[in-house]
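Here's the structure we're looking at; comments come further down.
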Amino acid sequence: MSEQIILNADLRERTGSNKARVIRKIDGMVPAIVYGDEKDTLNLKLRLNELTKASQNELFYTQVLIIKNGDNEEKVVLKELQKDPAKGKFLHADFQRVSSKTKLKVIIPMNFINEEECIGVKNDGGLITKAIREVEIMCLAGNIPESIDVDVTDLELGASIRLTEVSLPDGSEIPGLTEETDQMVVSVNAPKAVEEEPVLDEGIEGEEGEEGSSEAGEDSGDEESKAEDGDSEGSEES
């Protein structure tokens, strides 16, 4: 079980854009609201350092959080986190109350396991291709998984695992998933062939070079013989 993320908050007595600016600039806090579960909406302000640290944890975006306001505790999930696009500063946070029976849509990362033991990789030198790395599921707030395991041990070369074949936690489902909307999650494919440049045979080149030199030598010898014959004939005539 993962460690519970807890945020401390104070009540906001006044609301509005001007007051929100004061909270961010003077108080160094971030305006937030908590709503849902047929209860009154709470206007809160969160500690900037706590929110910043929590936002760096992937579970902050998928798991049930605890917001403490004095002696009051609220179980919530993050619905929206607004940031200044230019400065990257937090502007506002929205949280929805949940109970263990509340059904939520959450995006969960895929966790591919036993990649080194994959048959298609070990026996045939295949490569694992991951087509989907996260998926939206609907589940109970008290049963949100940190990730969804996809075991590729028995995946052979050319084979794949599809969304309809992925095991989900009890009570969970992928909204709108049918045979028509099914998608490939992971597959094992043969590596692409790399074309190699032809290598010239140095031995053949050497032989051709030697033959060329030999022929050149023979031609040179013939010319010298002809020249000597010409000189000899000239001497006899004189």
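Just checking, which of SER2, SER100, SER55 is at pLDDT 90 or above and in contact with a helix residue (DSSP H, G or I) (Cβ under 9 Å, 6 or more places away or on another chain)?
Of the residues listed, the single one that is at pLDDT 90 or above and in contact with a helix residue (DSSP H, G or I) (Cβ under 9 Å, 6 or more places away or on another chain) is SER55.
Mind listing whichever residues of the range 167-183 are touching a residue at least 24 places away in the same chain (Cβ under 8 Å) and surrounded by 11 or more Cβ atoms within 10 Å (Cβ to Cβ)?
LEU168, PRO169, GLY171, SER172, GLU173, ILE174, GLN183
Anything in the range 140-152 that is out of contact with any Lys or Arg (no Cβ under 7 Å at 6 or more places or on another chain) and outside any loop (DSSP other than H, G, I, E, B)? List them, or say none.
Residues satisfying the conditions are ALA141, GLY142, ASN143, ILE148, ASP149, VAL150, ASP151.
Any residue in the range 70-87 that is surrounded by 12 or more Cβ atoms within 10 Å (Cβ to Cβ), without any contact (Cβ under 8 Å) to a residue 12 or more places away in the chain and basic (Lys, Arg)?
Yes.
With ASP182, ASP170 as the choices, which residue is in the same structural domain as ALA131 (by TED's automatic domain parsing), within 21 Å of the chain's Cα centre (by Cα), part of a loop (DSSP other than H, G, I, E, B) and of a type in the set (D, E, K, R)?
ASP182
Does LYS101 meet the test of being farther than 30 Å from LYS192 by Cα and exposed (fewer than 13 other Cβ atoms within 10 Å of the Cβ)?
yes
Pairs only if they're at least six apart or on different chains, beta carbon under 6 angstrom, first in the range 109-137 and more than 13 Å from VAL152 (Cβ to Cβ), second among the aliphatic types (A, V, I, L, M) and loosely packed, with under 14 Cβ neighbours inside 10 Å; list them, first residue then second.
Between residues of the range 109-137 that are more than 13 Å from VAL152 (Cβ to Cβ) and residues that are among the aliphatic types (A, V, I, L, M) and loosely packed, with under 14 Cβ neighbours inside 10 Å, the close pairs are GLU134/ILE107; GLU136/ILE107.
Within the range 184-203, is there a residue that is of a type in the set (Gly, Ala, Ser), surrounded by 10 or more Cβ atoms within 10 Å (Cβ to Cβ), closer than 30 Å to GLU117 by Cα and modelled with pLDDT of 55 or more?
There is at least one residue in the range 184-203 that is of a type in the set (Gly, Ala, Ser), surrounded by 10 or more Cβ atoms within 10 Å (Cβ to Cβ), closer than 30 Å to GLU117 by Cα and modelled with pLDDT of 55 or more.
Applying the selection to the range 116-129, what residues are among the charged types (D, E, K, R) and in a loop (DSSP other than H, G, I, E, B)?
GLU116, GLU117, ASP124, listed by residue number.
Considering only the range 1-49, how many residues are β-branched (Val, Ile, Thr) and within 33 Å of the chain's Cα centre (by Cα)?
5
Please go through (1) under 27 Å from the mean Cα position of the chain (by Cα); (2) farther than 30 Å from SER172 by Cβ; (3) surrounded by fewer than 18 Cβ atoms within 10 Å (Cβ to Cβ) for GLN56 and return the number of the only condition it doesn't satisfy.
(2)
Which count do you get for residues in the range 48-83 that are farther than 23 Å from ILE144 by Cα and touching a Gly at 6+ places or on another chain (Cβ under 8 Å)?
Of the residues in the range 48-83, 1 are farther than 23 Å from ILE144 by Cα and touching a Gly at 6+ places or on another chain (Cβ under 8 Å).
Let me spell it out: the conditions are (1) surrounded by 14 or more Cβ atoms within 10 Å (Cβ to Cβ); (2) in contact with a helix residue (DSSP H, G or I) (Cβ under 7 Å, 6 or more places away or on another chain); (3) farther than 30 Å from VAL188 by Cβ; (4) not aliphatic (A, V, I, L, M), and GLY126 meets all of them except one. Which number is the exception?
The one condition GLY126 does not meet is (3).
Considering only the range 210-226, I want to know if a residue exists there that is modelled with pLDDT of 65 or more, more than 26 Å from GLN96 (Cβ to Cβ) and of a type in the set (Gly, Ala, Ser).
no
Considering every residue within the range 76-97, establish whether at least one is among the aromatic types (Phe, Trp, Tyr) and at pLDDT 95 or above.
yes
The values are calculated or read from the model by the stated rules, or taken from the named source; none is laboratory data. Keep in mind the model is a prediction, meaning the values are calculated, not measured. Positions of Cβ are backbone-derived with ideal geometry, glycine not excepted, and every protein chain shown enters the neighbour counts.
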